[in-house]
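Student: First, the structure itself, so that you have it in front of you.
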Amino acid sequence: MISYKKFWTLCEEKGISTYYLRKNGVGAPTVTKLQRNGNIDTVTIGKLCRLLNCQPGDILEYTED
């Protein structure tokens, strides 16, 4: 399973809200997927990394089910 807990922690540290994400091209359905540890594509991961100025490993983590 992919966990986005690191993503939310980084957003909190940088003061980035879900409103900011939506205003910068991350759609509401994608935000919901992130909140529920759902599947997102690599294009979206790239967009998130650009917005947060980070690497993929900074925002997601693989864990065994």
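The values are calculated or read from the model by the stated rules, or taken from the named source; none is laboratory data. As the structure is a computational prediction, the values presented were derived from the model and not from experiment. Cβ coordinates were reconstructed from backbone atoms using ideal geometry, including for glycine residues, and neighbour counts include every protein chain displayed. In case anyone asks, the SASA skips ligands and DNA or RNA and just uses the protein heavy atoms, side chains included. Shrake-Rupley method; radii C 1.70, N 1.55, O 1.52, S 1.80 Å.
Student: What does the charge dipole of the chain about its Cα centre add up to, to the nearest 20 debye, if the Cβ of each Lys and Arg holds +1 and the Cβ of each Asp and Glu holds -1?
Tutor: The calculated dipole for the chain is roughly 380 debye.
Student: Measure off 7 Å from each Cα along the Cα-to-Cβ vector at Thr9 and Arg50, then give the distance between these two points in nanometres to one decimal.
Tutor: Rounded to a tenth, the inter-label distance reads 2.6 nm.
Student: Pop the C-beta distance of Ile2 and Lys23 into the FRET formula with R0 = 22 Å and round what comes out to the nearest 0.05.
Tutor: 0.35
Student: Can you give me the angle between helix 5-14 and the longest principal axis of the chain, using Cα atoms only, in degrees from 0 to 90, rounded to the nearest 10?
Tutor: The two axes meet at around 30 degrees.
Student: Which one, [x] 14.8, 42; [y] 10.8, 33; [z] 12.0, 34, gives Rg and Dmax of the Cα atoms in Å as derived from the coordinates shown?
Tutor: Comparing each candidate, only [y] matches the computed number.
Student: Let me ask something else. Hey, what number do you get for the chain at 222 nm if only DSSP H runs of n ≥ 4 count, each worth -39500 (n - 2.57), divided across all residues, to the nearest 500?
Tutor: The per-residue figure over the chain is -15000 deg cm²/dmol.
Student: In the chain, what percent of the accessible surface is made up of carbon and sulfur (1.4 Å probe, ligands and nucleic acids excluded)?
Tutor: About 49 percent, which is the carbon plus sulfur part of the accessible surface.
Student: Calculate, for the chain, the solvent-accessible area per residue in square angstrom, rolling a 1.4 angstrom probe over the heavy atoms of the protein chains.
Tutor: It amounts to 68 Å² per residue over the chain.
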